[in-house]
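The values are calculated or read from the model by the stated rules, or taken from the named source; none is laboratory data. As the structure is a prediction and not an experimental result, all values here were calculated from the model. All Cβ positions, even for glycine, are placed from backbone atoms using ideal geometry, and neighbour counts span all protein chains on display.
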């Protein structure tokens, strides 16, 4: 019986180590962009599952920006890319890149796209400012990220924004 109680306690402790937060994408720059992003932190890894709708068909950059502020019509209130390491813009995992350089999502002919991104370089609400995504925003851009143009990837306007709280 004692082992059963200990095992149940261990399972409860493991289950309580998961954090999940879901946010709504707000349309920006005169678009009708919609969608959600769900962030799940488990065992030191954060997964972002972003689903966007009503986009122009094609490729759209997705980045974390430095401020959790989507108040302006063009989402410029979110600031620039989140870059606590002061590295150059690029493709995640290849040479230099910002902590906010997520990559591209492809919207189908109906304007629907999804990107799932996992990393141990982010956290939800931890004390490490170089990893903590709370207080930042996700921006969906009008165009694709070329992974080289500094500092933005030539991603175009900001068509969707969500605040990570």
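With under 24 Å from residue 22 (Cα atoms), in a loop (DSSP other than H, G, I, E, B) and in contact with a strand residue (DSSP E or B) (Cβ under 8 Å, 6 or more places away or on another chain) as the only criterion, which of 121, 165 stands out? Break it down into steps so the answer makes sense when it comes.
Details: 121 fails: in contact with a strand residue (DSSP E or B) (Cβ under 8 Å, 6 or more places away or on another chain).
Criteria check complete, one pass: 165.
Output the residues belonging to the range 124-146 that are crowded, with 24+ Cβ neighbours inside 10 Å and assigned to a strand (DSSP E or B).
Across the range 124-146, the qualifying residues are 137, 138, 139, 140, 141.
Results for (1) farther than 21 Å from residue 144 by Cβ; (2) touching a residue at least 12 places away in the same chain (Cβ under 8 Å); (3) part of a helix (DSSP H, G or I); (4) more than 17 Å from the chain's Cα centre (by Cα), shown as yes or no for each residue.
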{"site": "36", "(1), (2), (3), (4)": "yes, yes, no, no"}
{"site": "48", "(1), (2), (3), (4)": "no, yes, no, no"}
{"site": "51", "(1), (2), (3), (4)": "no, yes, no, no"}
{"site": "60", "(1), (2), (3), (4)": "no, yes, no, no"}
{"site": "70", "(1), (2), (3), (4)": "yes, yes, no, no"}
{"site": "74", "(1), (2), (3), (4)": "no, yes, no, yes"}
{"site": "88", "(1), (2), (3), (4)": "no, yes, no, yes"}
{"site": "95", "(1), (2), (3), (4)": "no, no, no, yes"}
{"site": "116", "(1), (2), (3), (4)": "no, yes, no, no"}
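Suppose the filter is surrounded by 18 or more Cβ atoms within 10 Å (Cβ to Cβ), under 17 Å from the mean Cα position of the chain (by Cα), modelled with pLDDT of 95 or more and at negative phi; does residue 120 pass it? If you could, list the steps in order and put the result at the bottom.
Details: surrounded by 18 or more Cβ atoms within 10 Å (Cβ to Cβ): no; under 17 Å from the mean Cα position of the chain (by Cα): yes; modelled with pLDDT of 95 or more: yes; at negative phi: yes.
Taking the combined requirement at face value, the residue does not satisfy it.
Residues are listed down the side, and each one gets a yes or a no for (1) over 17 Å from residue 143 (Cβ atoms); (2) modelled with pLDDT under 95; (3) surrounded by fewer than 19 Cβ atoms within 10 Å (Cβ to Cβ):
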position: 58; (1), (2), (3): no, no, yes
position: 61; (1), (2), (3): no, no, no
position: 68; (1), (2), (3): yes, no, no
position: 87; (1), (2), (3): yes, yes, yes
position: 94; (1), (2), (3): yes, yes, yes
position: 104; (1), (2), (3): no, no, no
position: 110; (1), (2), (3): yes, no, yes
position: 114; (1), (2), (3): yes, no, yes
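For the range 147-165, which residues satisfy the criterion of being surrounded by 15 or more Cβ atoms within 10 Å (Cβ to Cβ) and under 19 Å from residue 88 (Cβ atoms)?
First, the residues of the range 147-165 that are surrounded by 15 or more Cβ atoms within 10 Å (Cβ to Cβ): 147, 152-164.
The answer is 147, 152, 153, 154, 155.
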